[in-house]
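Scroll down for the structure; my scribbles are underneath it.
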Amino acid sequence: MSYPLRSRISLALVKKQLPRLMTADPAGELPDGLHVAIVGSGSPLPDVRRGTPCAAIIVNGKIFVVDAGEGASETMARMQLAPGRIEAVLMTHFHSDHIGGLGTVNLQRWVADGDRPALPVIGPEGTDRLVNGLNEAYALDRSYRVGHHGPDVVTPDNGAMDARVFSIPEGEDSMVVLEDDGLTVTAFVVQHPPIEPALGYRFDYKGRSAVISGDTNYSPTLIEAARDTDLLVHDALSTELLMMVSDAARDAGLPARSQILADVPDYHATAPEAADAAREAGAGALAITHIVPPLPLKGLEAIFLGDAEERFDGPLWLARDGDLYSLPAGGGELKRSNLISRR
Ligand SMILES: [Zn+2]
Ligand SMILES: [Zn+2]
C-alpha cells in the first residue's frame, strides 16, 4: 500500500526520532547534586495544565518518588525519567490524589528492569494497606505479563511492591527514614486535619537540601523541619478562587460538590501562608505546588499568589509539571529548567 506524502513524511520523522527517544536519560546525565523534579503540580480538581501530586528527587542517578497521583508514570515518561531508576517511593498520606498512580509507577519500573528488587514503598501506618491492596489489584496483570513475556523478562518475585512502614515516635516531630549514598531523608509531621498521620519529607545531600511539604496548612513543625533549606516545595490554595467555584457548584444545584470544595481550605495553606513558612524557615527559594483550584488563565496567578511575593523575598515560583530544580553538590546557585518544555 502506498501512503500519502504527508504520512510518509510523518513516518520518516518518527523513525528518525525513535533512537534518541529510546536512549534519552536526563536523570543519568545530571551533575552531582540534589535535583527536585515536579511531576504533578495540581490537585484532585481536573486541570489540563497540571497533574495530580507527585515529585521525583534525583540523587546519584537514583529517583526517589514522593507520592504518585494519577498520571504520575505518564508524566515521568514525558519528562524522560527512566522508571528503572526509581529507587523507592515515599508516601506523605493516603488521599486519593496522592496514590492513584502508584500501581502504574510500580508496573512501569518492573517491566523496565525486571532484575530490580521489589519497589520499596516507604511511609507511615497505612502504607501496608495501600501496598497490599494494590498488589492484589495488580495480581492478575502480573500473571498475564509473566505468562506472556516470560519470567526472564519480568521476574515474578519483583513485581509486587514492598511496604516499609515507619512510625515517628510519640512526642517527636521527625525521624530519619532513609540513608543512601550520602542522601538523608527525614520524615516530619505536618497539619492536614483530620488526616493523621500526614507527613512531609526533607532531603539532605552534600550540604544541599530540599523539603516537600506534602499536604499541610501553615505548620510550625514544617518550619522547624525546613530550617535553612535551599528549596521549599509547599502546597497552596486560593480560598477566594476556590469559594468562587464552590458557589458556582451550589448555584448549579450540586450541593455535595459545593460542600466538599468549601471544606478544602481547612487543610491547605494559602500562597501567602506558604510564603510565611518559607520566610520563617529561612528557605532559599519557594516553589508552590498542589495548586487549588486550577488556574486556566494566566491572569489568575496574581490572585492566587496574593501578597506572597511581599512576604518572602527569595525566588518564588508557581510550579509546573516537568519543572526541575537543581542544587549542585557543595554549593552554587539553584538552577531551574523544565524537562517537558525543553524537548
Ligand atoms: Zn491530602
Ligand atoms: Zn492532596
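Each reported figure results from applying straightforward, stated rules to the coordinates on display, with no laboratory input. In this text, all values refer to a predicted model and were calculated from it rather than measured experimentally. Don't worry about glycine lacking a Cβ; one is built from the backbone with ideal geometry, like all the others, and counts go over all protein chains shown.
Taking the Cα centre as origin and putting +1 on Lys and Arg beta-carbons and -1 on Asp and Glu beta-carbons, what dipole magnitude results for the range 119-179, to the nearest 20 debye?
Working: 4 positive and 11 negative charges, 80 e Å.
With only Lys, Arg, Asp and Glu charged at Cβ, the dipole is about 380 debye.
Counting Lys and Arg as +1 and Asp and Glu as -1, what is the net charge of the other residues whose Cβ lies under 15 Å from the Cβ of residue 259?
Working: positive: 250, 257; negative: 247, 251, 263, 266.
For residues surrounding residue 259, the net value is -2.
Show me the trypsin sites (Lys or Arg not before Pro) within the range 257-302 that DSSP assigns to loop and that have at most 13 other Cβ atoms within 10 Å of their Cβ. Here the sparse-neighbourhood loop sites are 298.
Multiplying the residue separation of residue 301 and residue 196 by 0.36 nm and subtracting their alpha-carbon distance yields 34.7 nm.
Of all DSSP-defined beta bridges confined to the chain, some 60% are antiparallel rather than parallel. Taking the Cα centre of the range 90-228 as origin and assigning +1 to Lys and Arg Cβ atoms and -1 to Asp and Glu Cβ atoms, the resulting dipole is close to 340 debye.
What's the FRET efficiency of residue 60 with residue 266 using the Cβ-Cβ distance as r and R₀ = 56 Å, to the nearest 0.05?
Values: r = 39 Å, r/R0 = 0.70.
According to the calculation, E is roughly 0.90.
With respect to the chain, whose longest principal axis is taken over its alpha-carbon atoms, helix 102-112 is tilted by about 30°. Placing a label point 7 Å from the Cα of residue 128 along the Cα-to-Cβ direction, the residues of the range 160-185 with a backbone N closer than 12 Å are 163-167.
Around residue 216, what is the net charge, scoring Lys/Arg as +1 and Asp/Glu as -1 over all other residues with Cβ under 10 Å from its Cβ? Mind dumping the intermediate values first?
On the way: positive: none; negative: 215, 235, 273.
Combined, the nearby Lys, Arg, Asp and Glu give -3.
Only one residue of 96, 131, 61 has its Cα farthest out toward the positive end of the dipole of the chain, where Lys and Arg carry +1 and Asp and Glu -1 on Cβ, and that residue is 61. Taking a ≥ b ≥ c as the square roots of the Cα gyration tensor eigenvalues, the chain comes out rounded, since a/c falls below 1.5.
Placing a pseudo-label 7 Å from each Cα along the Cα-to-Cβ vector at residue 5 and residue 247 gives an inter-label distance of 5.7 nm. With respect to the chain, whose longest principal axis is taken over its alpha-carbon atoms, helix 271-281 is tilted by about 90°.
Mean separation of Cα pairs under 8 Å and 6+ residues apart, divided by the residue count of the range 26-338: what relative contact order is that in percent?
Working: 726 pairs, mean separation 57.2, N = 313.
Taking the mean separation of contacting Cα pairs over the length of the range 26-338, I get 18 percent.
Listed from fewest to most Cβ neighbours within 10 Å, the set 304, 188, 166 follows the order 166, 304, 188.
Segment residue 141..residue 111, full-extension length gain: 9.6 nm, with 0.36 nm per residue of separation and the alpha-carbon distance subtracted. Between residue 329 and residue 176, what length in nm is gained on full extension when 0.36 nm per residue of separation is reduced by their alpha carbon distance? Gain on stretching residue 329 to residue 176: 53.0 nm.
A Cβ-based charge dipole, computed about the Cα centre of the chain with Lys and Arg at +1 and Asp and Glu at -1, lands at about 2040 debye.
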